Amino acid sequence: MENKNNLALNIENLSVKYKVYEGTLEVIPGLSMHVEQAERVGLIGEAGCGKTTVLKSAAAVLHSPPAIVRKDAIEVCGVSVDGKKGVRSVRRNVSMIFQDPSSSLNPTLKISTQMTDILKSQFPGRKKAEYRQMMLDALDNVSMPAPERVLGSYPVQLSGGMRQRVCIAMALMKDTNLMLADEPTTALDVTIEEQILDLLDKLVREKKKSLVLVSHALGAIRKITDRVYVMYAGNVVEVGKTREVFEHPRHPYTIGLLAATPKLTGSGIADGIAGDIPSYINPPKGCRFASRCPRCTPECLEAPPVLESVDGREDWMVACHHAGEEAMA
Amino acid sequence: MRKTILAIVKKLLHTIVLLLVLSFVVFSFIRLIPGDPVRISMGPMTPEETIAQKRSELYFDRSLPVQWAHWLKGVVTEGDFGESLFTHRNVAEDIKQYLPKSLELVFYCAIFILIMGVLVGTISAIFKNSWLDNLIRFISYLGVCTPAYAIGVLLLLVFSYTLGIFPIGGMPNIPDNYVRTGMMGLDCLLVGDFALFGQVFKCMVLPVLSLSLGSIAYMARIHRGAMVENINADYIAFAQVAGVSQGKLVMKHLMKPSFIPTLTIYGLQVASLIGNAFIIEVIFRYPGFSQYSLNVIQNKDPYGIVAVTFVFGIIFAVVNILVDIGVAFLDPRIRINTSE
């Protein structure tokens, strides 16, 4: 992190809490991450660990209240996301694709209407025919079959894969630096998943955009991203070059997560990690993974581990009291 | 598009069947009520032969289905709803005279409710959980649970009796040569007599207010709820990040889906206005259809009662169809499902 202004995204010490009837949910206790220009970053971790919350705060669409957000900084392309000016800068610099294409398009408006409204605010004062051509180009960009028909359709008339292509086309209509993709393929079937991820990968590379990809498809993460953040219960537990983390995971959670991926060559379905993410109300005061960790010692129950360099390297960090130790069975 | 029209036609056919059944049921009720309507109408001193002749004229000496069929034939072929034993003229004429006045009242209310309900609901949703929202919520609860007649009496007391801003009831006389549609305000406008329209308007303010306030409160609650729910929808966040301007986001992307539940409730509220108008027309001495309805019911006027019920049925059905069309217009999911 030589020069912060060069970062596409910089999050420092983000904390997100929710007040509910039972108490306070500490969803994200204190998280930092950064994305460099034209860098592709993966964000992995099991469901409910706060990945979407992180992306939503970066895109300035996290509803607060109810969320109680504290942070040292969230900067997009060197500009803080706070205040009206910040939000305007975010709108200019960030695109986001949501998890479920069936809920991220407005059910009551035609695709052409939704796209025109984006274009009108991004490129005001053009002619109707120009907007139409831009929309057709955008759909062509995502290899959409029959773009004319799609423009005249309502979302319910499109298949899931087509809807997600529309979403990607819409997200790419403004020329932004940073693309946030929140599980863009979770709601789709496997063959479509491959197509969509390839498409996303290609477009991001072509346009030299930075990408944050949240996905449960670990194969895709490995293929597409340069660096990966592994999250557990709101904390980053390991971060490093994707290839290195996948080949020699240091954190016991990463090890478990990667081992849980079924492999074609392996023997049957993998076991997964026993247990669940701890409650966010009164979370354990030590390591949040301790109750499920094979390496757990009394120390782990007392103090939360912080991110520390692996082998003195700056680009590989692990938050574990026993990171140096060899994996136990 | 063709399929949409087909769906509407189907709906209309359903409605016609429903109205036929309704008219028959009401018809049988007036025969079941004890007492002789003809005798009531003509008084105790009228000789038996005259009564019998009148009864036969009105088909009361025939069986129920025959009487019903005769009535139905009259309605369908000549718009003849039978003779009223209360006003002693054809019920159709009575309807023509009184119904437009009530429709006018209801029409003003419907517009007022739509605008105010959506406006108040939207303000409430935008300033969610602020002091303004809480104030609106408090007033809404009061409005929903206070009956229209209580509001009417209260308004009369404050604005007419104490402050003297509005007349205490009744309507100005409309000259006979003014009558075009039967709607008082509209007729004045059509003739170009704005001074008289002003008077009519002044007399309409309090009835419209007392008839609308409850519905406005209810609509505002529903609309606020729908908007607040949809604000959290993914498509709003997506449109926001994708760069849709804030104004469009609220007024179009958020408003259109939120309007679907509101419109359904709106239809029910407008239909129920006709029922609520009964009491309001009495309180404000408004010469409308509800006043007339009360009179025919109290006088056990058979053809009058049937016609009144029938007209209410038609109004409900029409409002219902309009709401269904409106909802389908707003929500492509419904449109596409019904047409496939």
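The values are calculated or read from the model by the stated rules, or taken from the named source; none is laboratory data. Quantities reported herein were computed from a predicted structural model and do not represent experimental measurements. Glycine also receives a Cβ, built like all others from the backbone with ideal geometry; neighbour counts cover every protein chain displayed. With ligands, DNA and RNA removed, areas are computed over all heavy atoms of the protein, side chains included. Shrake-Rupley method; radii C 1.70, N 1.55, O 1.52, S 1.80 Å.
Measuring with a 1.4 angstrom probe and ignoring ligands and nucleic acids, A:D315 comes out at about 60 Å² accessible.
Any chance you could tell me what percent of the C-alpha pair distances in the stretch B:204-335 go past 18 Å?
Details: 5700 of 8646 pairs.
Summing the P(r) of the stretch B:204-335 above 18 Å gives 66 percent of all pairs.
When Lys and Arg each count +1 and Asp and Glu each count -1, what net charge do the other residues less than 14 Å away from B:P100, Cβ to Cβ, add up to? Spell out each step's value before the answer.
Details: positive: B:K96, B:K101, B:R180; negative: B:E93, B:D94, B:E104, B:D187, B:E281.
Its environment carries a net charge of -2.
With coordinates expressed along the principal axes, the C-alpha atoms belonging to the stretch B:36-113 extend over 53, 30, 17 Å, beginning with the largest.
Based on a Kirkwood Rh over C-alpha pairs, give the Stokes-Einstein translational diffusion coefficient of chain A at 20 °C and viscosity 1.002 mPa s in µm²/s. Could the numbers behind the result be given before it?
Working: Rh = 21.0 Å.
It comes out at roughly 102 µm²/s.
Residue by residue along A:85-93, Cβ atoms of other protein chains within 10 Å of the local Cβ number 1 on average. Working from Cα pairs under 8 Å separated by at least six residues, relative contact order for chain A is 20 percent. Using a Gaussian network model on chain B with a 10 Å cutoff between Cα atoms, which of B:M42, B:M227, B:M255 fluctuates the most? The residue that fluctuates most here is B:M42.
When chain B is treated as a Gaussian network with alpha carbon springs shorter than 10 Å, the biggest mean-square fluctuation among B:V76, B:V327, B:V38 belongs to B:V76. In this structure, the residue pairs whose Cα-Cα separation is over 24 Å, taken from A:K17/B:K128; A:K207/A:K241; A:K128/A:K174; A:K51/B:K252; A:K110/B:K248, are A:K51/B:K252.
Phi-derived couplings, Karplus 6.51 cos²θ - 1.76 cosθ + 1.60 at θ = phi - 60°, listed residue by residue for the stretch B:60-65: 6, 8, 9, 6, 4, x Hz, with x used for Gly and Pro.
The per residue volume of the convex hull around the alpha-carbon atoms of the stretch A:171-310 is 154 Å³. For the stretch B:1-77, the average shadow cast by the Cα convex hull is 6.6 nm², which is a quarter of the hull's surface. Reported to the nearest whole Å, the Cα centre-to-centre distance from the stretch B:259-289 to the stretch A:113-158 is 44. Summing both sides, the accessible surface hidden between B and A at a 1.4 Å probe radius is close to 2400 Å². The 3J(HN,Hα) values that the Karplus relation (6.51, -1.76, 1.60; θ = phi - 60°) gives for the stretch B:259-273 are, in residue order, 6, 4, x, 4, 5, 4, 5, 4, x, 4, 5, 5, 4, 6, 4 Hz. Gly and Pro appear as x.
In units of the rule-of-thumb radius 2.2 N^0.38 Å, the protein assembly as shown shows an alpha carbon radius of gyration of 1.33.
Where does chain B land at 222 nm, in deg cm²/dmol rounded to the nearest 500, when only DSSP H runs of n ≥ 4 count, each adding -39500 (n - 2.57), divided by all residues?
Details: 14 runs with 251 residues, N = 340.
Helix contribution divided over all residues of chain B: -25000 deg cm²/dmol.
Taking Lys and Arg as +1 and Asp and Glu as -1, the other residues whose beta-carbon sits under 12 Å from that of A:N106 total +3. Cα-based values for the stretch A:28-151, radius of gyration first and Dmax second, are 17.3, 50 Å.
Keeping the other protein chains in place, figure out the carbon and sulfur percent of the accessible area of the stretch B:183-280, with a 1.4 Å probe.
Here carbon and sulfur together make up 69 percent of the probe-accessible area.
Which of these, A:K209, A:K51, A:K120, has the largest mean-square fluctuation under a Gaussian network model of chain A (Cα springs below 10 Å)? Largest GNM mean-square fluctuation: A:K120.
The alpha-carbon atoms of the stretch B:105-230, seen along their principal axes, cover 54, 33, 20 angstrom, with the largest extent given first.
Each peptide in A:6-12, A:137-143 receives the mean, over its residues, of other Cβ atoms within 10 Å, and ordering these scores from highest gives A:6-12, A:137-143.
Its DSSP H runs of at least 4 residues, each contributing -39,500 (n - 2.57), put the calculated 222 nm mean residue ellipticity of chain A at -9500 deg cm²/dmol, to the nearest 500. Close amide H partners of A:M96, meaning residues 5 or more places away or on another chain with modelled amide H under 5 Å apart, are A:L180. For the peptide A:63-70, the mean number of other protein chain Cβ atoms found within 10 angstrom of a residue's Cβ is 1. Here the ratio of the Cα radius of gyration of chain B to 2.2 N^0.38 Å is 1.19. Which percent of the Cα-Cα distances in the stretch A:82-218 go past 25 Å? Cα-Cα pairs in the stretch A:82-218 separated by more than 25 Å: 23 percent. Between amide H atoms placed 1.01 Å from N, distances below 5 Å from A:V237 occur with A:V230, A:M231, A:Y232, all of them 5 or more places distant or on a separate chain.
Would you mind giving the mean number of other chain beta-carbons within 10 Å of the Cβ of each residue in A:99-112, as a whole number?
Working: counts 1, 1, 2, 2, 5, 9, 4, 13, 8, 14, 7, 1, 0, 0.
Average neighbour count from other chains, rounded to a whole number: 5.
Return one number: the angle in degrees, 0 to 90 and rounded to the nearest 10, between the long axis of the Cα atoms of helix B:289-298 and the longest principal axis of the Cα atoms of chain B. Rounded to the nearest ten degrees, it is 40.
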